[in-house]
Amino acid sequence: MKLKELLKGLEVISVQGNKEQKISAVAYDSKKVEKGSLFACLRGYRLDGHTFISEAIERGATALLTEGGRMDRRDIAYVVVPDTRLALARISDNFYEHPSGRIKVIGVTGTNGKTTTTYLTESILKAAGYRVGLVGTINYRWGERILPAGNTTPQSVDLQRMLSEMVKAKCNYAVLEVSSHSLDQHRVDFIEFDVAVFTNLSLDHLDYHHSLSHYLKAKTKLFRQLREEGVKKEGKISLINIDDRYRRHLLKVAPDKVLTYGIRRRADIRASQISSSLPGLSFQADTPAGSFPVKMKLMGTSNVYNALAAIGVGISQGIKLDSIKEGLETAPGIPGRFELIDCGQDFTVMVDYAHTPSALEGLLRMAKGMARGKIITVFGCGGDRDRSKRPLMGKLSSRYSHLSILTSDNPRSEEPGKIISEIRRGFGRTVKQYWPKVGRGNYLVVEDRFQAIKEALARARKDDVVIIAGKGHESYQVLKDTVVAFDDREVVRRILAGR
């Protein structure tokens, strides 16, 4: 595609060089530049793409997308724009010829529940006979392809390429987890969504957004984007959790066609007769298209909300209730979400991704409701992330757990001990007499995550519940500049196998 065609619809400050040249690829990582590429200089939090211009040119870049400066070389086109991230989104959409206009796109955003909602939505669509592509926290997949996920929502050029490949694979739907970072950083700009789903909003990512209002503003961008005109003229719809405290704000910015879902308030799609236990979850779903009973392999009230959101997607797409029911009831367990590890032990072990206060509280409340014995919780908090949630998560674990074992999560550049000390602030002064030789507030500090899990399993007795929270499906641990193999689920299996 010619450079001038890539620049259509773009706000450009200046262009120096040959706009008639053909561009063979678009890249934002200088190491992935190939001959004839356009290299986009993105400003990050640690690195600035402008400092890699020489390397990009050496590797074959013939056009540069920048936010300023001049280029002395006449053989290199130099495009200056106000915001390279926004410009890259437009260029990527142009380069792949607007793939979202040729496939139905469902976007799911919110603090918690995005992954499960997308998995349940995918299962419903497949039960109805559709081909589906999915992009999210665990992996990216379509057709026979499964790629490991780098970010929940990839950079714009990667995402547009995936959508283009889904179209080539004859997918009918693309189901996307849409993170607040991706919305704020223009990664999903110029994607035409058919359905936008809001799960919930609670404290998270304040290291990036700095305030809850900015975090909410980023989330609402998905629904504002749904209003924008494009190739698709009709059928766009929003699905909003009516029980969430920010429902009114979302309802104000959403397009006219809205379906609400919930448990406590009156909603278009509602659940009643809810029962959650170790075997799974059951409830009665009431929808505008009719009512039906649901029995799922998943557990917890939070998954009722995720199921209702997925039901709403099915209803919005005209899918029959039989297929919706089948999709929910045949959906496999989601990796690292309420995942039970059964090695024949006489106590329950559950691994979950809960890394926010609201997610941890939901997990522990569910455990409290089903536990016949004591609750032992192993968790930590990620480094270089929102510090304000650390004492809150400590307080919640202190409230619901008989014993908390504080450990390392992904400390990144921070010292694990410093993170743990901030978690400890949430523990009260009262010593509960559940365990001998346990510190104030009924917690232990075991910094090494393997040893922390081993300690929890060693202390567990018949009918106890061991919760290992924070990392879920992750198969690695980030320690400063080193990434090591570490999977909570495999660690549990190894330890239990040696009991």
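The values are calculated or read from the model by the stated rules, or taken from the named source; none is laboratory data. Computed from a predicted structure; not experimentally measured. Virtual Cβ from ideal backbone geometry, glycine too; neighbours counted across all protein chains shown.
Condition check ((1) assigned to a loop (DSSP other than H, G, I, E, B); (2) of a type in the set (Gly, Ala, Ser); (3) under 17 Å from the mean Cα position of the chain (by Cα)) across all residues:
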| residue | (1), (2), (3) |
| --- | --- |
| 119 | no, no, yes |
| 126 | no, no, no |
| 129 | yes, yes, no |
| 158 | no, no, yes |
Q | Neighbours by Cβ (under 7 Å, 6+ apart or cross-chain): first from the stretch 74-97, among the small types (Gly, Ala, Ser); second assigned to a helix (DSSP H, G or I) | A | 77/3; 89/156; 92/156; 92/157; 92/160
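If I go through the stretch 458-473 residue by residue, how many of them are buried (at least 20 other Cβ atoms within 10 Å of the Cβ) and either out of contact with any His (no Cβ under 9 Å at 6 or more places or on another chain) or without any contact (Cβ under 8 Å) to a residue 60 or more places away in the chain (or both)? So that I can check it myself, show each step before the final result.
Of the residues in the stretch 458-473, the ones buried (at least 20 other Cβ atoms within 10 Å of the Cβ) are 460, 464-473.
Now restrict to residues that are either out of contact with any His (no Cβ under 9 Å at 6 or more places or on another chain) or without any contact (Cβ under 8 Å) to a residue 60 or more places away in the chain (or both): 460, 465-468, 473.
Residues flagged as buried (at least 20 other Cβ atoms within 10 Å of the Cβ) and either out of contact with any His (no Cβ under 9 Å at 6 or more places or on another chain) or without any contact (Cβ under 8 Å) to a residue 60 or more places away in the chain (or both) within the stretch 458-473 amount to 6.
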Q. Which of the residues belonging to the stretch 230-255 are under 22 Å from the mean Cα position of the chain (by Cα), in a helix (DSSP H, G or I) and basic (Lys, Arg)?
A. 247
Q: Under 6 Å between Cβ atoms, at least 6 apart or on separate chains: pull out the pairs that start in the stretch 204-226 with a residue that is within 24 Å of residue 238 (Cα to Cα) and at pLDDT below 70 and end on any residue that is not acidic (Asp, Glu) and not in a helix (DSSP H, G or I).
A: 204/111; 204/356
**Q.** Unmet criterion (only one of (1) modelled with pLDDT of 95 or more; (2) surrounded by fewer than 19 Cβ atoms within 10 Å (Cβ to Cβ); (3) in contact with a strand residue (DSSP E or B) (Cβ under 9 Å, 6 or more places away or on another chain)) for residue 384
**A.** (1)
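Somewhere in the stretch 372-383, is a residue in contact (Cβ under 8 Å) with a residue 12 or more places away in the chain and more than 24 Å from residue 408 (Cα to Cα)? Can you show your working first?
Filtering the stretch 372-383 for residues in contact (Cβ under 8 Å) with a residue 12 or more places away in the chain gives 372-383.
So of that shortlist, the ones also more than 24 Å from residue 408 (Cα to Cα) come out as 372-373.
Checking the stretch 372-383: at least one residue is in contact (Cβ under 8 Å) with a residue 12 or more places away in the chain and more than 24 Å from residue 408 (Cα to Cα).
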Q.
Looking at (1) under 24 Å from residue 276 (Cβ atoms); (2) in contact with a strand residue (DSSP E or B) (Cβ under 6 Å, 6 or more places away or on another chain); (3) surrounded by fewer than 24 Cβ atoms within 10 Å (Cβ to Cβ), which one does residue 351 not meet, given that it meets all the others?
A. (3)
Q) Taking the stretch 175-184, which residues are buried (at least 21 other Cβ atoms within 10 Å of the Cβ) and either more than 15 Å from the chain's Cα centre (by Cα) or farther than 12 Å from residue 106 by Cβ (or both)? A) 179, 180, 182, 183
(Q) Taking the condition of being β-branched (Val, Ile, Thr), touching a residue at least 60 places away in the same chain (Cβ under 8 Å) and part of a loop (DSSP other than H, G, I, E, B), how many residues in the stretch 1-47 meet it? (A) 3
Q | Options 395, 389: the member that is outside the structural domain of residue 274 (by TED's automatic domain parsing) and surrounded by fewer than 21 Cβ atoms within 10 Å (Cβ to Cβ) | A | 395
Q: Could you please find all residues in the stretch 252-280 being aliphatic (A, V, I, L, M) and either in contact with a Cys (Cβ under 9 Å, 6 or more places away or on another chain) or modelled with pLDDT under 95 (or both)?
A: 253, 254, 278
**Q.** The lone exception for residue 56 - which of (1) part of a helix (DSSP H, G or I); (2) over 28 Å from residue 413 (Cβ atoms) it fails
**A.** (2)
Q.
Show me the strands (runs of 3 or more DSSP E) entirely contained within the stretch 285-397 in which 2 or more residues are more than 22 Å from the chain's Cα centre (by Cα) and within 21 Å of residue 120 (Cα to Cα).
A. 290-296
(Q) Which of the numbered conditions does residue 474 fail, given that it passes all the others? Conditions: (1) assigned to a strand (DSSP E or B); (2) closer than 16 Å to residue 380 by Cα. (A) (1)
Q: Might you check whether a residue that is at pLDDT below 95 and aromatic (Phe, Trp, Tyr) occurs anywhere in the stretch 43-52?
A: yes
Q. Is it true that residue 167 is outside any strand (DSSP E or B), of a type in the set (Val, Ile, Thr), surrounded by 18 or more Cβ atoms within 10 Å (Cβ to Cβ) and assigned by TED's automatic domain parsing to the domain that holds residue 247?
A. yes
Q | Positions within the stretch 477-499 being closer than 17 Å to residue 335 by Cα and assigned to a helix (DSSP H, G or I), in sequence order | A | 488, 489, 490, 491, 492, 493
Q: Identify all residues within the stretch 1-54 that are β-branched (Val, Ile, Thr) and exposed (fewer than 14 other Cβ atoms within 10 Å of the Cβ); write none if there are none.
A: 12, 13, 51
Q) Out of curiosity, is residue 426 farther than 30 Å from residue 120 by Cβ, in contact with an Asp or Glu (Cβ under 8 Å, 6 or more places away or on another chain), in the same structural domain as residue 451 (by TED's automatic domain parsing) and surrounded by fewer than 23 Cβ atoms within 10 Å (Cβ to Cβ)? A) no
Q: Inspect the stretch 406-416 for any residue being modelled with pLDDT under 95 and either within 18 Å of the chain's Cα centre (by Cα) or in a helix (DSSP H, G or I) (or both) and give the result as yes or no.
A: no
